[in-house]
């Protein structure tokens with residue numbers, strides 16, 4: 001499209017929708033970005049070894065126990081009743097023992 005015609009159409013607001021969208025961007029930029037994202041995803045998947053069903057169960061149990069311990073520690077930080085604090089301390093000690101028993 002000739003430059004003078006573009007300017008005339010621009011003044012008349014009759015250019016096609018999206019005419020100026022990404023006109024200054026190099027072609028293929030989007031595909032390079034997608035290619036990089038796919039490479040990142042492939043590298044992330046390659047790093048993680050496949051876990052057996054038993055390993056998945058152990059990881060899930062470890063994560064659950066860690067979350068329970070974090071919740072008990074948070075409750076302990078806000079507890080004011082001595083008997084409640086004592087109960088939470090015992091709970092944290094028991095959870096620590098269970099986490100320590102899990103195979104690494």
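In this entry, residue 18 passes the filter for residues that are in a loop (DSSP other than H, G, I, E, B) and at pLDDT below 90.
Name the residue, out of 26, 41, 50, that is farther than 24 Å from residue 103 by Cβ, assigned to a loop (DSSP other than H, G, I, E, B) and at pLDDT below 90. Result: 26 is the single residue among 26, 41, 50 that is farther than 24 Å from residue 103 by Cβ, assigned to a loop (DSSP other than H, G, I, E, B) and at pLDDT below 90. Residues that are over 22 Å from the mean Cα position of the chain (by Cα) and surrounded by fewer than 10 Cβ atoms within 10 Å (Cβ to Cβ) within region 37-95 comprise 52, 53, 54, 77, 78, 80, 81, 82, 83, listed in sequence order.
The values are calculated or read from the model by the stated rules, or taken from the named source; none is laboratory data. None of the values given here were measured: they were computed from a predicted structure. In this analysis, Cβ positions are derived from the backbone assuming ideal geometry, glycine residues included, and neighbour counts consider all displayed protein chains.
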